[in-house]
1. If you take the residues of the stretch 154-180 that are free of Cβ contacts under 8 Å to residues at least 12 places away in the same chain and not in a helix (DSSP H, G or I), which of them is nearest to Gly53 (Cα to Cα)?
2. Output the qualifying pairs, or none if there are none: Cβ atoms under 7 angstrom, residues six or more apart or on different chains, first residue in the stretch 118-137 and touching a residue at least 24 places away in the same chain (Cβ under 8 Å), second residue assigned to a loop (DSSP other than H, G, I, E, B) and aliphatic (A, V, I, L, M).
3. What tally of residues in the stretch 84-141 results from selecting those that are outside any loop (DSSP other than H, G, I, E, B), crowded, with 16+ Cβ neighbours inside 10 Å and not small (Gly, Ala, Ser)?
4. Mind counting the residues in the stretch 61-94 that are over 26 Å from Ala44 (Cβ atoms), within 15 Å of the chain's Cα centre (by Cα) and without any contact (Cβ under 8 Å) to a residue 60 or more places away in the chain?
5. Working only within the stretch 195-210, note down all residues that are out of contact with any Lys or Arg (no Cβ under 8 Å at 6 or more places or on another chain) and surrounded by fewer than 16 Cβ atoms within 10 Å (Cβ to Cβ).
6. Within the stretch 167-175, is there a residue that is aliphatic (A, V, I, L, M) and farther than 27 Å from Met111 by Cβ?
7. Can you pull out the residues in the stretch 63-83 that are in a loop (DSSP other than H, G, I, E, B), surrounded by 13 or more Cβ atoms within 10 Å (Cβ to Cβ) and on the phi < 0 side of the Ramachandran plot?
Amino acid sequence: MKTKNVVLVALAALLVPSLVISQNTRFSDPDTVVNNEFWGNLYAQGGTSFFCGTPFERKGFVLTEGYVYPLAEVRNALGCGTSSQCDDDDRYRQIASDLHNMVPVRSRIEMSRRNAIYEELGDTSSPDECGIRESAQFFEPPQRVKGDIARTVAYMVDTYDLPWAGASRVFKSWNQIDPPDDRELVRHRQVADIQGNENPFVLDPGRIENL
């Protein structure tokens with residue numbers, strides 16, 4: 001029996017690295033990550049806003065860090081309370097520090113979508129200048145980033161055992177119609193180099209069908 005237990009412990013030890021490397025284990029201070037790693041490293045030379053594709057050289061007051069999988073949904077899933085209360089929850093702090101889930105967004109857009117549910121709205125709502133459609137609590141992103149969102153949400157669902165931020169069929173459809181392009185792949189590699197883990201759904205989009 002003792003030998004069997006030793007073998008089981010050894011097998012568990014071998015499995016730990018593969019589990020650890022699949023999620024953000026490097027960062028757990030959201031404010032520091034936003035300031036030092038997101039704006040100070042990932043977008044230190046500028047970039048383009050996520051939903052509108054507008055070039056920028058520096059953050060400025062019109063941009064903010066947006067969370068593809070809304071932090072409000074993370075708080076609901078963890079049941080840790082309000083934003084300030086969840087700041088004392090180690091698991092929330094780790095999830096809120098994950099760079100794979102952060103994108104540069106116009107402040108106005110982030111304010112309107114942070115509590116919204118992703119949905120395919122079609123002709124029920126007219127797109128704005130960025131190609132965004134909104135209706136009540138629902139939010140449909142521009143075509144060019146639908147796949148990016150699907151693969152990020154799938155990563156958050158799979159990595160942190162969170163519920164879908166909308167209907168799973170919607171994300172699986174978006175994943176198919178908008179496969180990873182060079183822009184998404186370059187950003188993914190940059191985040192992986194900084195944070196130390198990858199989003200497997202960017203490298204193998206077909207994995208989303210198994211969720």
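The values are calculated or read from the model by the stated rules, or taken from the named source; none is laboratory data. Note that this is a predicted model, so its numbers are computed, not measured. When we count neighbours, we look across all protein chains shown, and the Cβ atoms used for this are built from the backbone with ideal geometry, even at glycine.
1. Among them, the one singled out is Trp164.
2. These pairs meet every condition: Tyr118/Ala165.
3. Final tally of qualifying residues: 23.
4. Going through the stretch 61-94 one residue at a time, the tally reaches 3.
5. Those that are out of contact with any Lys or Arg (no Cβ under 8 Å at 6 or more places or on another chain) and surrounded by fewer than 16 Cβ atoms within 10 Å (Cβ to Cβ): Leu203, Asp204, Gly206, Asn210.
6. Within the stretch 167-175 (the criterion being aliphatic (A, V, I, L, M) and farther than 27 Å from Met111 by Cβ), the answer is no, since none of the residues qualifies.
7. The answer is Val68, Tyr69, Pro70, Cys80.
Conditions (1) at pLDDT 95 or above; (2) under 15 Å from the mean Cα position of the chain (by Cα); (3) among the aliphatic types (A, V, I, L, M), marked per residue:
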site: Phe138; (1), (2), (3): no, no, no
site: Thr159; (1), (2), (3): yes, yes, no
site: Phe171; (1), (2), (3): yes, yes, no
site: Ala192; (1), (2), (3): yes, yes, yes
